[in-house]
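The values are calculated or read from the model by the stated rules, or taken from the named source; none is laboratory data. Since the model is a prediction, treat every value here as computed from it, not as a measurement. Here the Cβ positions follow ideal geometry from the backbone for every residue, glycine too, while neighbour counts run over all protein chains shown. Note: accessible area is taken over every heavy atom of the protein model, side chains too, but ligands, DNA and RNA are not part of it. Shrake-Rupley method; radii C 1.70, N 1.55, O 1.52, S 1.80 Å.
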Amino acid sequence: MITIEETIDIAVPVRTVYDQWTQFKSFPRFMTMVKRVDQVKPNITTWVVGKGPVCREFEAEIVEQQPDSHVSWRSLGCTPSHEGQVTFRPTADGGGTTVEVRLDLRPRGAAGALAAVPWLTRRVVRAELKRFTEYIEGMGQAGGSWRETIRGGHVHARQAEPPRSRVAGWPVG
């Protein structure tokens, strides 16, 4: 197994960075290796990745997702297989976001030949993170959000806010 870890600081608040990251369909706008992403179910996505005429398609399952904290996934039925996690936390000054990406790759067969070159994969991940940073810093706001929680591959709906009373608050008059 090969592990790739990359970290980048983004000059945008955590909520904004997290919200944009959960907009998987927008990834082709800023990631050169991502050609298409379809959200099949809240926890299942289909990816088409590659460079030039060399592309491959795979499904990924989101196994853990906590708003403003992290997203963890694993590929389904593909070679090379991988698992990953991206975490979001405030920067030391509190005005931005530190994004950490970890990929665990299991290269096998001819399709895994490129994944078996850690420095190349690391370079691609670093470049894609820089493009994401430029994209979200340039926009300044997320193009949408999905704020549900996923645990063990299952979506857990947000707790609904209690209804507000229509009675005026104290003191009245």
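Numbers below:
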item	result
When residues of region 76-92 are limited to those that are in a loop (DSSP other than H, G, I, E, B) and out of contact with any Gly (no Cβ under 9 Å at 6 or more places or on another chain), the one farthest from GLN39 (Cα to Cα)	ALA92
Test: PRO107 is modelled with pLDDT under 95, buried (at least 16 other Cβ atoms within 10 Å of the Cβ) and in contact with a Gly (Cβ under 6 Å, 6 or more places away or on another chain)	no
Check on THR45, over 17 Å from GLU100 (Cα atoms), among the polar types (S, T, N, Q) and crowded, with 16+ Cβ neighbours inside 10 Å	yes
Pick from region 69-104, criterion in contact (Cβ under 8 Å) with a residue 40 or more places away in the chain and among the basic types (Lys, Arg), ranking: farthest from VAL125 (Cα to Cα)	ARG89
Check on THR91, under 17 Å from the mean Cα position of the chain (by Cα) and of a type in the set (Val, Ile, Thr)	no
Single condition GLU57 does not satisfy, out of (1) open to solvent by 50 Å² or more (accessible area, probe 1.4 Å); (2) under 23 Å from GLU148 (Cα atoms)	(2)
Residues of region 21-75 satisfying the condition of being closer than 27 Å to GLY138 by Cα, in a strand (DSSP E or B) and of a type in the set (D, E, K, R)	LYS35, ARG36, ASP38, LYS51
Residues within region 71-92 that are at pLDDT 95 or above and open to solvent by 70 Å² or more (accessible area, probe 1.4 Å), tallied	4
Residue match in region 97-104 (condition: open to solvent by less than 60 Å² (accessible area, probe 1.4 Å), of a type in the set (D, E, K, R) and outside any strand (DSSP E or B))	no
Close pairs (7 angstrom Cβ cut-off, 6 or more residues apart or separate chains): over 27 Å from ASP19 (Cβ atoms) in region 112-134, part of a helix (DSSP H, G or I) and at pLDDT 80 or above anywhere	LEU114/LEU120; ALA115/THR121
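For every residue, the table says whether it meets (1) open to solvent by less than 50 Å² (accessible area, probe 1.4 Å); (2) modelled with pLDDT of 85 or more; (3) outside any helix (DSSP H, G or I).
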{"position": "GLY94", "(1), (2), (3)": "no, yes, yes"}
{"position": "VAL124", "(1), (2), (3)": "no, yes, no"}
{"position": "GLU134", "(1), (2), (3)": "no, yes, no"}
{"position": "GLU161", "(1), (2), (3)": "no, no, yes"}
{"position": "VAL172", "(1), (2), (3)": "no, no, yes"}
